[in-house]
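Data block below; observations after.
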């Protein structure tokens, strides 16, 4: 009886469009929102990278001359500036400032080989110093994290090279 009713009224079921919007949203929605969150996360990484670059440039200005903000170490100055410029997106306790001195510009390794362990050797006058500010960003969007780095985090770095002032 029910099959006969369905066959008799099959045209009504084929042209009935109730629920199409809900079905389309169920299919497209999760992908769309994941993509949207991924875009926001990549944007936040760019803001953090830019804020760290601004902070390292300000820190280099202090470090090149050997002066500091009163009552702060160079590391505290760099982390404070990065925190200020990043609009609260970063955890200051996870940032590392590494300063390494080199006798000449040609002795400086490429960017990927620079240390970022938090050691600080400002060098002597007329030496080159590489300031590197590092931060480990942990992804909150799983798919974006898997695409960029399967370990779930990416190390954001900002570096600057300066020659110490003569004595």
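For the range 122-150, the tally of residues that are surrounded by 12 or more Cβ atoms within 10 Å (Cβ to Cβ) and without any contact (Cβ under 8 Å) to a residue 40 or more places away in the chain stands at 9. The requirement of being buried (at least 19 other Cβ atoms within 10 Å of the Cβ) and either in a helix (DSSP H, G or I) or free of Cβ contacts under 8 Å to residues at least 12 places away in the same chain (or both) is not satisfied by residue 90.
Got a number for residues in the range 39-83 being more than 26 Å from residue 144 (Cα to Cα), part of a helix (DSSP H, G or I) and touching a residue at least 60 places away in the same chain (Cβ under 8 Å)? The number of residues fulfilling the criteria is 8. One residue alone among 118, 123 is closer than 15 Å to residue 79 by Cβ, in a loop (DSSP other than H, G, I, E, B) and modelled with pLDDT under 85, and that residue is 118. Against the numbered list (1) under 22 Å from residue 91 (Cβ atoms); (2) in contact (Cβ under 8 Å) with a residue 24 or more places away in the chain; (3) assigned to a loop (DSSP other than H, G, I, E, B), residue 156 comes up short only at (3). Screening 57, 143 for residues that are modelled with pLDDT of 80 or more and within 18 Å of the chain's Cα centre (by Cα) leaves exactly one candidate, 57.
The values are calculated or read from the model by the stated rules, or taken from the named source; none is laboratory data. Please read all numbers here as calculations on a predicted model, not as lab measurements. With ideal geometry, Cβ positions are generated from the backbone for all residues, glycine too; neighbour counts draw on all protein chains shown.
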